[in-house]
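The next block holds one structure in the form of structure tokens; read it before the comments.
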Amino acid sequence: MSDVPDEAALLVAELLARRWLPRQHPRVRRALIDADLWQAAQNRLAQVGLRLIDNIHADHVSVALLRGAESAVFGEAGLNANNNVDLPRDGVSLLVVLWSLIILPKRERQAARAASAEGDTQGEMFNTERPMPSASAVSPVVSYKALLADFGTQLGRKTRMDGNLKRLETHGFIVRHGDDIAEGPLLDLLLDYDALAPRILDGALGDVLARRRSQTDDGATNRAGEATEGQN
């Protein structure tokens with residue numbers, strides 16, 4: 001066990017230098033299965049007011065402030081602000097919209113695949129634990145053109161939205177591949193799913209997402225029907 005503090009220090013140093021690390025990183029993989037290493041890293045971070053954050057639905061781990069350190073760092077004004085990464089108000093709105101379009105359906109897909117995998121093991125003599133499907137395997141992408149058409153007016157139109165997308169990409173919330181906007185390393189780590197999901201699903205944005213999903217499902221059905229007709 002003498003090497004645990006050294007490994008913990010290296011893990012913490014790399015996290016602080018890079019801001020996030022993939023779960024498949026060798027030191028992260030070891031920490032996820034070695035409770036002593038995980039706790040040693042948490043203890044190192046706690047000495048400077050930080051904590052290691054991780055959830056099984058995300059493909060990365062990162063660091064965040066301990067709750068007790070937040071007021072000392074940001075002050076009451078900072079804690080009462082809508083964010084602490086200097087995003088403008090329409091940038092925060094864009095972040096919430098993208099979180100809703102990417103993380104909510106991703107979590108549903110992960111749960112569905114996990115349930116399906118569990119069902120497949122019912123008939124096995126020796127059941128083995130199936131891992132949660134990775135975010136990269138099930139996370140949807142959002143079309144920039146569709147986002148601009150659906151939410152551009154509410155989010156400051158093209159120029160403002162382009163600037164805010166760049167900010168979100170810089171902060172690690174999203175990644176962009178041409179016209180596609182995908183989940184970034186921090187999108188499912190720094191936003192509290194348990195607090196945010198009910199507010200969205202029970203609020204006005206929930207109705208918008210339901211209509212959008214219905215349109216997506218109708219479009220998929222129509223494309224499937226056209227494909228079938230083309231084969232006949």
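Laboratory data are not the source of any read-out in this text; all were calculated from the coordinates shown. Small disclaimer: the values here were computed from a predicted structure and weren't measured. All Cβ positions, even for glycine, are placed from backbone atoms using ideal geometry, and neighbour counts span all protein chains on display.
Conditions (1) in contact with an Asp or Glu (Cβ under 8 Å, 6 or more places away or on another chain); (2) hydrophobic (A, V, I, L, M, F, W, C); (3) surrounded by 14 or more Cβ atoms within 10 Å (Cβ to Cβ), marked per residue:
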| residue | (1), (2), (3) |
| --- | --- |
| GLU7 | no, no, yes |
| ALA13 | no, yes, no |
| ALA17 | no, yes, no |
| VAL28 | no, yes, yes |
| ARG44 | no, no, yes |
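Mind checking which residues of region 24-62 are among the acidic types (Asp, Glu) and either in a helix (DSSP H, G or I) or closer than 20 Å to SER136 by Cβ (or both)? Walk me through it before giving the result.
Looking only at region 24-62, we keep the residues that are among the acidic types (Asp, Glu), and these are 34, 36, 54, 59.
The answer is ASP36, ASP54, ASP59.
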